[in-house]
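Where a number appears in this text, it was derived from the coordinates with a stated rule and is not lab data. Just so you know, these numbers come straight off a predicted model, no measurement behind them. Neighbour counts are summed over all protein chains in view; Cβ atoms, including those assigned to glycine, are modelled from backbone coordinates with ideal geometry.
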Amino acid sequence: MEASRAPDLQIEQDPAFQRRSWRVERIGTWLFVALLGAAVSGLFGSGPLSHAAATVPGVLRVEFQRFSQYQSPDNLLIHVEPGAAPGRELRLWLDRAYLAGVRLEAMVPTPIRVETAADRLTFVFALTEPGVPFTVLVALQPQHFGVMHGRLGLEPAGDGPRLAFRQIVFP
Amino acid sequence: MEAVLRAAAVYGLLLVLFRITGKRSLSQITTFDFILLLIISEAIQNGMVGNSYSVTNAFVLVLTLILVDQGLGLVKRRFPRVERWLEGAPLILVEHGRPLSDRLERSGVDVDDIVTSARRQHGLERLDQVKYAVLERNGDLSIVPRDRETPESRDRERAA
């Protein structure tokens, strides 16, 4: 860009600054395109990069979002394999520290009762047909942002099958 | 991913809606048009934001809207045919003080609108002082006044 070509115009141009700011615009736009790509792939929640699962083979499996968002709907999908709950009741526990950080919106199916312990809540489900696969949908909304650690498992026995998972919650 | 899809869908739907209902449907000419714009943004908000109170989500939505808009601008610059379909072409509504009534009626502009713009832009008093009135692609009316008596215009007239 040449220096001012309009000598009769009262104007303060700054070609050097203009060139710099165009460069910033160009680089910034590409950066934002990259961010959009990250958003599509699920880096900020919902998407292939975000979807994850933790498994105890043959027993228990939880599907969760690696990346979640503050006060936005999120789901846990907990699958229990047929052999894992032989009785008429299924006892699934979630640790209290995790539940303290989320607002529980719904649980489908609804448990018949909830039992409390110092470190966990145990949700008891009635099984009309023992020995078939069982899935619980937990709808929740994170109430804090940062890293959340979740643990869940099946009772009886304190050493029953258990899983741990980690979620990053964006503000 | 969901936020990106929502924002892109809203962008596309609004683009089609406003393109089809005509370019003057929302060019902020009256106070009520402005109110309409506000109500539309309220109405579309939930469909786009959903149940989320997350800043990250809001940022992704805005990012998508802006980049889709920029991308479309890039496509328009490269393919003039796309630009014509998306933004239309300018249209002359008044020629040498003579309103072209068929065009006026079809584009939903009346003579009042034209004299209003003529008064505001050039302080003209009557329609016959308007050389051209053009409905621009963005829905604005632009007015070219008849030549005032200047040395150049006199020369031109003499030459003609």
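Tabulated values for the structure
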quantity: A:Asp119-B:Val144 pseudo-label distance in nm [points 7 Å out on the Cα-to-Cβ vector]; calculated: 8.3
quantity: Phi-based couplings in Hz for region A:142-156 (Karplus 6.51, -1.76, 1.60; Gly and Pro marked x); calculated: x, 10, 9, 10, x, 9, 10, 10, x, 9, 8, x, 10, 9, x
quantity: Solvent-free Debye scattering, log10 I(q)/I(0), computed from the Cα coordinates of the protein assembly as shown at q = 0.07, 0.11 Å⁻¹; calculated: -0.55, -0.91
quantity: Chain B, relative contact order [Cα under 8 Å, separation at least 6], %; calculated: 21
quantity: Cα centroid of region B:31-76 to Cα centroid of region A:44-65, whole Å; calculated: 31
quantity: Mean projected area (nm²) of the alpha-carbon convex hull when region B:2-87 is viewed from all directions; calculated: 6.3
quantity: Stretch gain in nm, segment B:Asp128-B:Thr31, where the contour uses 0.36 nm per residue and the Cα spacing is subtracted; calculated: 32.0 nm
quantity: More than 14 angstrom apart: percent of Cα pairs within region B:91-145; calculated: 40
quantity: HN-Hα J in Hz across region B:48-57 - Karplus 6.51, -1.76, 1.60, θ = phi - 60°, x for Gly and Pro; calculated: 8, 7, x, 9, 9, 10, 8, 5, 4, 4
quantity: Shielding score for A:41-48, defined as the mean number of other chain Cβ atoms within 10 Å; calculated: 5
quantity: Long-range HN-HN contacts of A:Gln69 with modeled amide H, under 5 Å; calculated: A:Phe170
quantity: Helix axis angle, A:15-41 relative to chain A longest principal axis, alpha carbon, degrees; calculated: 20
quantity: Environment charge at A:Val114 (Cβ cut-off 12 Å; Lys +1, Arg +1, Asp -1, Glu -1); calculated: +3
quantity: Residue-averaged beta-carbon neighbours from other chains (10 angstrom radius) around B:54-65; calculated: 6
quantity: Under Karplus coefficients 6.51, -1.76 and 1.60, residue-wise ³J(HN,Hα) of region A:76-81 in Hz, glycine/proline x; calculated: 10, 10, 10, 9, 10, 6
quantity: Relative contact order [Cα under 8 Å, 6+ residues apart], chain A, whole percent; calculated: 23
quantity: Sequence-distant residues sharing a close amide H with A:His51 (under 5 Å, placed H); calculated: A:Arg66
quantity: Full-stretch length increase - A:Ile112, A:His79 - with 0.36 nm per residue and alpha-carbon distance subtracted; calculated: 10.1 nm
quantity: The protein assembly as shown, dipole about Cα centre (Lys/Arg Cβ +1, Asp/Glu Cβ -1), debye to the nearest 20; calculated: 600
quantity: Label-point separation in nm, B:Leu17 to B:Ala58, each point 7 Å along Cα→Cβ; calculated: 2.2
quantity: R0 of 22 Å, Cβ-Cβ distance B:Arg137-B:Glu95: FRET efficiency to nearest 0.05; calculated: 0.70
